[in-house]
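Chemist: Shown below is the structure under consideration.
Just so it is clear, none of the values below were taken in a lab; they were calculated from the coordinates. Since this is a predicted model, take the numbers as computed values, not measurements. Cβ atoms come from the backbone with ideal geometry, glycine included; neighbour counts cover every protein chain shown.
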Amino acid sequence: MRRPQWVNAAILAAAALALALLPHVYGNQALLFQLMVYLALSQGVNVLYGFTGYLPFGYVGFFGIGAYGASLAMLDLHAAPLVGIALGGSAALLLGLVLSPLLRLSGAYFAIASLAASQAIYLVIANPALQNVTYGPYGIQLANQFDPAASYWTMATILFLAIAVVLYIRRSRFGMALQAVRDDPVSAAMAGVGVVRQRISAWMISAALAGAVGGAFAWQTSVFYPDAVFTLSISIFAIVFALFGGVGTLLGPIFGTIVLFGMYNAIGISDPQYFQLIYGLLIVALVIFLPDGVASLLRRRGIHVL
Amino acid sequence: MLYALIAGILFGLYYALISLGLNLSFGVLRMVNLAHGDFVMIGGFAAVVLYTVYHVHPLVSLVLAALAVFLAGAALYYLLVPRISRTKDPEMISLVLFFGLSQVIEALAVVQFGNNEQSIFEPVFGTQPVALLGQDLPAVWVVSGLISLFALVLVYLYLYRTRLGYATRAVMASRDEAEVSGIDLHRVSAIAFGIGLGLAAAAGALAPFMLGGITADIGTGLTTTAFAVIVLGSLGNPLGTVAGGLIYGVALMLMQTYLPSWASLLPYVLLLLVLLVKPSGLFGRQVRSA
């Protein structure tokens with residue numbers, strides 16, 4: 001598993017270069033921003049599902065709480081956007097801590113419980129009864145903070161950090177411990193791995209990441225309704241992108257996001273229902289023919305995927 | 001108060017009908033069918049279309065939809081499930097698979113019926129309220145409650161009084177042991193899966209009356225509600241589902257009476273509470289947690 005340091009350094013440099021050059025290659029910055037959002041979220045799913053086997057259907061809950069945490073910090077505390085995003089990430093981290101008992105559940109129970117949690121949070125935030133606190137169903141207005149360029153570079157930085165974290169996890173003791181826990185928790189515990197602590201760490205990392213991404217998204221979008229940041233399709237996109245490429249690798253989710261998000265933009269905007277149809281069929285086909293993602297095709301030919 | 005209780009019991013029976021199928025398919029497959037709610041939606045649209053175009057009585061559509069979906073469900077089982085049982089992580093993969101399926105069904109429904117809510121507005125069950133324990137209730141609620149009860153009794157008889165039902169319960173208890181004792185695993189599972197979806201479609205045919213209307217996107221919410229109900233009453237325990245449905249129905253009616261703006265939170269909060277406090281549900285035997 002261990003690779004020399006320079007490989008990681010080269011990957012990070014390539015990622016930084018790609019992120020810096022992207023806006024010069026492709027002009028539609030709003031689209032690039034969304035692409036980066038999903039690149040980061042699919043890495044967050046990757047950290048959790050790829051390394052611990054927990055499938056977070058309610059992942060969007062962290063994204064939404066991050067968006068709201070950041071927005072409310074900017075609106076009510078008059079925080080600077082970057083501080084707001086940090087607070088949004090912290091809000092997600094806190095939520096992750098509160099929800100960490102969910103990790104006691106196994107398999108499908110966890111997936112659906114996390115989904116229920118995200119919907120419960122959405123219904124609380126969008127509740128008309130809490131309009132003075134969360135602005136209820138009428139959404140958030142950050143128009144005076146709007147700064148597409150700065151928010152774009154913030155998002156790029158967050159994505160860069162996410163890639164660095166996944167690279168670190170893949171080669172560190174921590175990552176090995178996580179994979180050991182995923183494959184066989186009992187044996188891992190016998191070998192001295194703190195099963196619960198490792199799982200919670202991965203859960204919190206992935207929560208904080210989604211929260212920060214949500215904060216950056218709120219800043220970039222600046223006007224949004226609660227359902228825009230809590231829609232289940234955000235979770236599902238992130239999960240499917242990650243699965244398509246292959247979880248447990250760094251490049252798999254990146255590849256999956258670029259290909260599928262590109263497809264989404266080619267057909268999704270004009271005909272949403274046909275897109276949903278094609279997308280659903282694609283998911284079914286993916287699961288039946290390629291359950292371990294595109295990365296497994298390469299791996300079968302003996303090519304190591306980073 | 002009494003009104004809310006009685007209405008809650010009727011709705012509870014109805015929610016038990018929605019949820020029982022999910023419990024059956026979970027029991028035999030050990031997979032959560034995330035597309036369950038979409039089959040409720042199919043049943044609903046079937047009833048609406050058959051009524052508005054051909055003037056078929058919704059109760060007839062209920063039987064037709066249930067039968068058609070039963071056959072489709074059994075076929076779907078053979079098409080999908082044996083393949084994913086062979087993968088590394090069938091439980092997770094099946095979640096994604098059934099999610100994809102629900103997307104396909106939802107998209108097809110939008111293409112066919114549009115995004116707007118559809119319903120049956122004519123009073124097919126009469127306009128006379130039915131008096132029950134001194135409370136006047138809409139006739140459809142009582143009819144739906146009784147039909148749900150009837151369907152639940154049928155399922156009970158199937159599970160506990162027929163050979164195939166015995167085999168189904170054996171598969172629910174342990175797939176491996178059932179297989180080595182000579183039970184045709186796939187046949188039993190396919191039938192149970194089909195029945196599960198058929199029940200969902202039957203419940204769907206009543207949805208225009210009980211849920212107010214049918215939209216293409218009600219599936220996900222219904223699946224979560226159904227999951228809350230079956231977890232409440234313990235997974236793999238059909239009778240528990242009835243109890244779970246009743247508790248849910250009464251709680252829902254009480255919430256709608258006293259805290260209407262928070263009522264939509266109920267299924268999610270209930271689900272989280274049960275999972276965290278007592279994941280085995282109220283009537284379960286073994287705990288399934290890591």
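Chemist: How do A:Ile112, A:Ile85, A:Ile303 line up, fewest other C-beta atoms within 10 Å first?
Modeler: If I rank by nearby Cβ atoms, fewest first, I get A:Ile303, A:Ile112, A:Ile85.
Chemist: Residue separation times 0.36 nm, minus the C-alpha to C-alpha distance between B:Leu154 and B:Leu59: what's the value?
Modeler: In short, 32.6 nm is gained.
Chemist: Oh, and also: Whole Å is fine, so just give me how far the alpha carbon centre of segment B:50-68 lies from that of segment A:101-120.
Modeler: 37 Å
Chemist: Quick check: the angle from helix A:81-99's long axis to the longest principal axis of chain A, C-alpha only, nearest 10 degrees?
Modeler: 60 degrees
Chemist: If you bin the C-alpha pair distances of chain B every 5 Å from 0, what whole percents do you get?
Modeler: Over chain B, the share of Cα pairs per 5 Å bin runs 1, 6, 12, 17, 19, 18, 13, 8, 4, 2, 0, 0 percent.
Chemist: Any idea what angle helix B:2-29 forms with the longest principal axis of chain B, computed on alpha-carbon atoms, 0 to 90 degrees, nearest 10?
Modeler: 20 degrees
Chemist: How many angstrom lie between the C-alpha centres of segment B:1-44 and segment A:165-230?
Modeler: Their Cα centres are 34 Å away from one another.
Chemist: For the residues B:Val40, B:Val28, what sequence is obtained by ranking on other C-beta atoms within 10 Å, fewest first?
Modeler: Working: B:Val40 31, B:Val28 28.
Placing the least packed residue first, the sequence is B:Val28, B:Val40.
Chemist: Per the Kirkwood formula on distinct C-alpha pairs, the Rh of segment A:198-306 is how many angstrom?
Modeler: Numbers: mean 1/r = 0.0642 Å⁻¹.
One decimal place: 15.6 Å for the Kirkwood radius.
Chemist: Averaged over every viewing direction, what's the projected area of the C-alpha convex hull for segment A:1-121? Give it in nm², one decimal, please.
Modeler: For the Cα atoms of segment A:1-121, the hull's average projected area reads 10.1 nm².
Chemist: May I ask for the angle, rounded to the nearest 10°, between helix B:58-85 and the longest principal axis of chain B, with both axes built from Cα atoms and the value confined to 0 to 90°?
Modeler: Tilt relative to chain B: about 20 degrees.
Chemist: Would you work out the Kirkwood radius for the protein assembly as shown? I mean one over the mean of 1/r across all pairs of different Cα atoms, in Å.
Modeler: On the way: mean 1/r = 0.0400 Å⁻¹.
Final number for the Kirkwood radius of the protein assembly as shown is 25.0 Å.
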